[in-house]
Structures are given as structure tokens and as C-alpha cells.
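**Q** Handing you this structure, nothing more for now.
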Amino acid sequence: MSKLAWKDIHTVLLDMDGTLLDLHFDNHFWLEHLPKKLAIKRDISLQQAKDLMSSEYEQVVGTLSWYCLDFWTEKLDIDIVEAKREIQHLISMRDDSLPFIDALKATGRKVILVTNAHPDSLSLKVEHTQLDQHIDQLISTHEFSVTKESQELWRQLHNKLGFNPQHTLFVDDSLGILKAAQDFGIKHLLAVSNPDSKQAVRDIFDYPSIQDYRYLLADIEDSPVIV
């Protein structure tokens, strides 16, 4: 991977699902577990349920509704939070996340979680991972009523946090969201090439990418933030 200019990075904005947490939980929930529940509820085949869900997803992908548990609870008449709790044992941190976060913190960097996840989903995952004990601030974009795909989110986030885009690193597994951050002016970007532990590593060419944050630790530790 390309070297990051750690001496110029003072603030680190981190995505959650697929970036700090294994995306397997979310993929399994939305693509397998929820369609099974829908098939039973509507007395249709599993494939019919998957096709229906795929159609519904396509209509709202990238919007706040796509990430909104209240939206899906109403749309499907299924308690989404309760359904997530049924497979909550699958929620897990990436093995390399805490060493990465701890190194960033130890070298004087501000570390902020910025997720499109609904607040209820964020709470459930914090409950299982204690992420809040390692990160300076946890932000769900739902508080801004707009997602990371939108420039309006980045404007509002910048107003709230006051970070300097030239000295900020943003890490995400979504290339579209990384592009939105880049368009806003975030200078340092890092893509996660293996967000789901059960899927193959992706080839990423548009941004520096990482499979294991532990490869970055020595460079981070060699470049502490000088206050």
C-alpha cells in the first residue's frame, strides 16, 4: 500500500461497519437473516423474499432510509432491532482495530467514529464491542439527517468538529463514500480492502488500501503529533 503522511495527520475519522467491525454481521443480517424472517412472515419462498428485499434496497441505497432501522421496521412490519439481537453473537471487532485505534490515540491524534448506522444499531454494537471506551467521539450521521454520501454531511460535520481537512485522515470500506470525502477536501484517505472476513479481499486502485492496520503501527508510532 502507499505510505500515508502520518506527520501531517492530526485527526482520524473512522467508519464503523467494515472498517472497525467485521461486515459479516451486517451482510448476513440484511442478505440472509432478514429475508428468512420476511419469507416466514409473508408465507413466500426465501428467494421471493430475497428478490423483494433487493428491490427495496435498490430504491433507497445511499439515502438515510437505507440505513434507517425505523424505516425498515415500518416497511417490513418486522422489529429490526429485535431481529438484529437474534444474531448479535456475530457482532465482532476486526482483530486489528484496537491496536490501530490505540496507536492513534497514544501518538496524540483525535479519533472520531463517523457512521451512517442508525443510533440503535450503533448502540447495539457499542454494547458488544465497548468502542466508546477507545474513541474520542461517536457520531451517527442520522443526527444531521443526511449520509456520508452527501456533501451536506461533510459541511455539517466540519462545522461541528472543526477539523482541518488538510490534516485529517478518513478511513472507510465504501469507495463511493471515500470519493465524497475527497470531493469535500479531506486530504488523507484509506480504503479497507477486506471489510467482510467471509469474503475475498478486494483489489482497490483509486485509494491507498489496507488489509491489516497492524502494518501501519510502526509508521504511526514514529510520527507522533507535536502539539
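The values are calculated or read from the model by the stated rules, or taken from the named source; none is laboratory data. What you see is a predicted model, and the numbers here were worked out from it, not measured in a lab. For neighbour counting, all protein chains shown are included, and Cβ atoms are generated from backbone atoms with ideal geometry for every residue, glycine included. Heavy atoms of the whole protein, side chains included, go into the accessibility calculation; ligands, DNA and RNA do not. Shrake-Rupley method; radii C 1.70, N 1.55, O 1.52, S 1.80 Å.
**Q** Sort out which residues of the stretch 115-135 are in a loop (DSSP other than H, G, I, E, B) and in contact with a helix residue (DSSP H, G or I) (Cβ under 8 Å, 6 or more places away or on another chain), and write them in order of number. It would help to see each step written out before you state the result.
**A** Here is the first cut: in the stretch 115-135, the residues in a loop (DSSP other than H, G, I, E, B) are 116-118, 130, 134-135.
Within the stretch 115-135, ASN116, ALA117, HIS118, HIS134, ILE135 qualify.
**Q** Looking only at the stretch 192-227, which residues are touching an Asp or Glu at 6+ places or on another chain (Cβ under 7 Å) and either of a type outside the set (D, E, K, R) or over 17 Å from ASP95 (Cα atoms) (or both)?
**A** Answer for the stretch 192-227, where residues must be touching an Asp or Glu at 6+ places or on another chain (Cβ under 7 Å) and either of a type outside the set (D, E, K, R) or over 17 Å from ASP95 (Cα atoms) (or both): VAL192, PRO195, SER197, TYR213.
**Q** How many of the residues making up the stretch 17-41 are out of contact with any helix residue (DSSP H, G or I) (no Cβ under 7 Å at 6 or more places or on another chain) and part of a loop (DSSP other than H, G, I, E, B)?
**A** Going through the stretch 17-41 one residue at a time, the tally reaches 4.
**Q** While we're looking at this one, here's another question. Give the stretch 1-16 a look and list any residue that's open to solvent by 20 Å² or more (accessible area, probe 1.4 Å) and either part of a helix (DSSP H, G or I) or hydrophobic (A, V, I, L, M, F, W, C) (or both), or say none.
**A** Passing the criteria: MET1, LEU4, ALA5, LYS7, ASP8.
**Q** Could I ask something else about it? Mind listing whichever residues of the stretch 161-205 are part of a loop (DSSP other than H, G, I, E, B) and touching a helix residue (DSSP H, G or I) at 6+ places or on another chain (Cβ under 6 Å)? Quick ask: steps written out before the conclusion?
**A** Here is the first cut: in the stretch 161-205, the residues part of a loop (DSSP other than H, G, I, E, B) are 162-164, 173-174, 185-187, 193-205.
Once the filter is applied, which keeps residues that are part of a loop (DSSP other than H, G, I, E, B) and touching a helix residue (DSSP H, G or I) at 6+ places or on another chain (Cβ under 6 Å), the stretch 161-205 yields GLY185, ILE186, LYS187, ASP196, SER197, LYS198.
**Q** Related question: Output the residues belonging to the stretch 45-94 that are among the β-branched types (Val, Ile, Thr) and surrounded by fewer than 13 Cβ atoms within 10 Å (Cβ to Cβ).
**A** Quick first cut of the stretch 45-94, residues among the β-branched types (Val, Ile, Thr) only: 60-61, 63, 73, 78, 80-81, 87, 91.
Correct list: VAL61 only.
**Q** Output the number of residues of the stretch 158-180 satisfying the condition of being under 25 Å from ILE220 (Cα atoms), of a type outside the set (Phe, Trp, Tyr) and touching a residue at least 60 places away in the same chain (Cβ under 8 Å).
**A** Qualifying residue count for the region: 11.
**Q** I'd like to know if the stretch 93-111 contains one or more residues that are more than 19 Å from the chain's Cα centre (by Cα) and hydrophobic (A, V, I, L, M, F, W, C).
**A** Among the residues of the stretch 93-111, at least one is more than 19 Å from the chain's Cα centre (by Cα) and hydrophobic (A, V, I, L, M, F, W, C), which makes the answer yes.
**Q** Which condition from (1) open to solvent by less than 10 Å² (accessible area, probe 1.4 Å); (2) touching a Lys or Arg at 6+ places or on another chain (Cβ under 6 Å) is the one that ASP136 breaks?
**A** Checking ASP136 against (1) open to solvent by less than 10 Å² (accessible area, probe 1.4 Å); (2) touching a Lys or Arg at 6+ places or on another chain (Cβ under 6 Å), the one that fails is (1).
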